[in-house]
Amino acid sequence: MSGRALALAVLVAAGCARAPRSERPAPDAPFLDPRRPAEERAADLVRRMTVAEKVSWLRDSLAEHLSGQDLGALVDEAVRIRQRDGRV
């Protein structure tokens, strides 16, 4: 992994960091409800993930993404996400 890719992964992980939650979510947790909008479910799930889970997911996703695309596309996507969230 290049230095830029690693730095990007660390920045994204740090931006997503939240306090760890309990191991078992309540049965009515929003991310478990397929009737809810995907964006709401994803946001709920990410809030519940530990930093270690987020870093692991990012590492795996980054490796998969880079195997099929160039780093520029990944950086562009990260910038779009940050702009959408008002963090750029």
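Here, each number is a calculation from the coordinates, and none is a lab measurement. Note that the structure is a prediction, hence the values are computed from the model and not measured. FYI the Cβ positions are ideal-geometry reconstructions off the backbone, even for glycines, and counts take in every protein chain you see.
Worth pointing out:
- R0 of 35 Å, Cβ-Cβ distance A73-R47: FRET efficiency to nearest 0.05: 0.85
- Protection proxy ranking for 48-56, 28-36, using the average of other Cβ atoms within 10 Å per residue and placing the highest first: 48-56, 28-36.
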